[in-house]
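Written out below as structure tokens is the structure these notes cover.
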Amino acid sequence: MHHLIKAEFRRLFATRVGAGLLLAAVLFGGGLMGAMALVGPENFDPPMPGLDTEAGLRAILGMLGYTAFVPAAVGALAVTSEYRHRTAAVTFLFAPRRWQVLVAKLTTYGVAGLAYGLVLAGTAATALFTVAAVRGISLGLPAGDVLALLARIGLAMVVYLLIGVGVGALLRNQVVAVCVVIGYLYLGEPLLMMIPGVNALYPVLPGGATAALTDFTYLADAMSQEVGSTAVRLLPPAAGALLLTGYALAASLIAIVLPMRRDIT
Amino acid sequence: MASVTATDDRPAIEVSHLTKRYGTVTAVRDLTFTVEPGVVTGFLGPNGAGKTTTMRMLTGLVTPTSGTATIAGRPYGQLRNPSRTVGAVFDASAFHPGHTARDHLRVYAAMGGYPDSRADDLLSLLGLTEAADRRTGTFSTGMRQRLNLATALLGDPRVLLLDEPSNGLDPEGMLWLRGFLRRLAGEGRTVLVSSHVLSEIQQLVDDVVVIRRGELVAAGPWSRLAGPPAVLVLSPDADRLAAVLRGSRPDGDPPRVDATGDGRLRVHGLDAAGVADLAAAHQVPVHELVTETTSLEQLFLHLTTERTAS
């Protein structure tokens, strides 16, 4: 098994995907958080509560959760690349017990997702504290709480990367899988929130569960106000975490079970 | 590379009553054959005959509808570290275009549990050392085929399966491939090479397995299937030469001599030396003397049309 994991790490770092993933973590973590904090939520259009309030702080931390489509897309890209470049046959020749290959991939990408989440949260924390210090703002939450919220977002990135792996294993076509993942997370879920009735489902969708981690309801509230529906009630953070773990397990199961008997032609 | 000897009595490759159906289409039907070590075996048939499907079933990539396909007596999935026993090449290009040749080999060296030095050994064996750090996306067809072979040989396997390896190779590449596969077979390995381009493979194979529409047409040593070669001879005095040749073995089996219609005689049962010696002894002038081997194409057409007629 460790042979297969070693091989998957090599595969990841032999392309530009590994470096790209770290760059994205810095850009979305430090870059996005720094930019939002510099501008200040009170200057957003429409204006949001400032960084010196708890609501304002939770809101911009929650925004970070919306970059989850990045690790999800990377997961989908990584698994489908084997089919696109026709290396799946070679891989399964070297390791005919296909589930082992997928377990190795999930392990590798789980670690990569963790690294992504850590860099994302770390650079975001650095940017936030630096900007707050420079602008002389005292943040609306104690530093420990801010770090804990960022850590939750970082861990959620692991889940999204694994969901991407599952979708990739399910669909196998690279373009379709990446479009589905980004389309759903970036557009699909927010659109669902706008449909009266369906938006009741939002708390149990991956996006809703992620928002629950930081109790981030700003977007959902804005949406429901816009369409005049009842406000969305998110799950408690622990339930959100449990649900996200469930999604990760389901995606992993799909990734392991599906390729087992499918013909590689 | 060390010489390889088979360690058990079972044929290196054994296909038995193998059938694969896709919906209503039967790609392979009740196929049975074996492949022996130490020779190059050609797996021949027109496009769509079921060659690739059969080879994919042999390697566990495709699940048979019924029947069995084993290598060294075991289904592929039950081999311990299969890349140590079997090397297979299916696609003309099976690399991530962003990987370098060395990266690609190291990924699979890690997968098979081989040391990294194995990647460099194979790059050198296949003449790719200079290209080791180039991204495979920039490789020519010939280089891709070499890298495919390098990947298949990482585990120093004693069975090699190659699906249409000559596709897209230039004459120089073909010549190299021929020499390389001959050498591998000479080391005692089992080499199965599929092709639909018969002229390209004729000089390479010792044994053939011919399939058509998923069914076996013929299998065996090429020389036995082709029969002994005939001799074509051109003489200005053809009638006298024919009489001399026919009367050459009064007590044995006389050679068969037929006129070809263009002034030549086709002789069966005597080799070129025998014909030349007899002509010289009887002072019959000879202007041309050619050994005529059956081409794989002729044999193939003969076998497949015969099959259709019956």
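Just so it is clear, none of the values below were taken in a lab; they were calculated from the coordinates. Since the structure is predicted, the reported quantities are computational estimates derived from the model, not experimental observations. Virtual Cβ from ideal backbone geometry, glycine too; neighbours counted across all protein chains shown.
Details
- Dividing the C-alpha radius of gyration of the range B:233-310 by 2.2 N^0.38 Å, with N its residue count, gives 1.30.
- Each listed q (0.07, 0.13 Å⁻¹) maps to a log10 I(q)/I(0) for chain A from the Debye sum over equal C-alpha point scatterers, namely -0.26, -0.83.
- Charged side chains reduced to their Cβ positions (Lys and Arg at +1, Asp and Glu at -1) give the protein assembly as shown a dipole of some 900 debye around its Cα centre.
- Here, the range A:128-265 yields an orientationally averaged convex hull projection of 10.9 nm² when only Cα atoms define the hull.
- P(r) tail, the range B:145-241: Cα-Cα pairs separated by more than 21 Å, 46% of all pairs.
- In degrees, nearest ten, helix A:2-14 long axis to first principal axis of chain A (Cα): 60
- Label-zone membership for the range A:33-59, site residue A:129, 7 angstrom Cα→C-beta point, backbone N under 15 Å: A:34
- Estimated inter-spin distance, residue A:249 and residue A:187, nm [label 7 Å along Cα→Cβ]: 3.4
- Cβ charges +1 (Lys, Arg) and -1 (Asp, Glu), total dipole of chain B, debye: 1040
- The calculated FRET efficiency for the pair residue B:34 and residue B:223, based on their C-beta separation and a Förster distance of 25 Å, comes to about 0.90.
- For a label point 7 Å along the Cα-to-beta-carbon line of residue A:42, residues of the range A:122-138 with backbone N under 19 Å: A:128-138
- Calculated [θ] (222 nm, deg cm²/dmol) that DSSP helices of n ≥ 4 give over the protein assembly as shown, each run adding -39,500 (n - 2.57): -15500 deg cm²/dmol
- Neighbour-count order for A:3, B:282, fewest beta carbons within 10 angstrom listed first: B:282, A:3
- Sorted largest first, the spans of the alpha carbon positions of the protein assembly as shown along the three principal axes are 118, 49, 44 Å.
- Footprinting exposure proxy for B:260, A:217 (fewest neighbouring C-beta atoms within 10 Å first): B:260, A:217
- The aspartates and glutamates whose alpha-carbon is closer than 19 Å to the alpha-carbon of residue B:20, local same-chain residues fewer than 8 away aside, are A:263, B:30, B:163, B:215.
- The relative contact order of the range B:13-221, computed from alpha carbon pairs under 8 Å that lie at least 6 residues apart in sequence, is 32 percent.
- Approximate spin-label separation residue B:273-residue B:172, in nm, with each point projected 7 Å along Cα-to-Cβ: 3.8
- Shielding of peptide B:81-87 by partners, expressed as the average count of other chain Cβ atoms within 10 Å per residue Cβ, is 2.
- Taking every Cα-Cα distance in the range B:46-96 and sorting them into 5 Å bins starting at zero, the pair-distance distribution P(r) comes out as 4, 19, 26, 24, 17, 8, 2 percent.
- For the range A:1-148: Kirkwood Rh in Å [reciprocal of mean 1/r, alpha carbons]: 17.2
- Antiparallel bridge percentage (DSSP; both residues within the range B:88-224; nearest 5): 50
- Partners of residue A:105 within straight-line reach, counting aspartates and glutamates whose Cα lies under 15 Å from its Cα and excluding those fewer than 8 residues away in the same chain: A:8, A:82.
- Average partner coverage of B:105-116, which counts Cβ from other chains inside 10 Å: 6
- Rg ratio (alpha-carbon, reference 2.2 N^0.38 Å) - the range B:13-221: 1.00
- Residue B:237 paired with residue A:233, simple spin-label distance in nm, labels 7 Å along Cα-to-beta-carbon: 11.7
- Mean separation of Cα contacts under 8 Å (6+ apart) over length of the range B:230-292, as relative contact order %: 50
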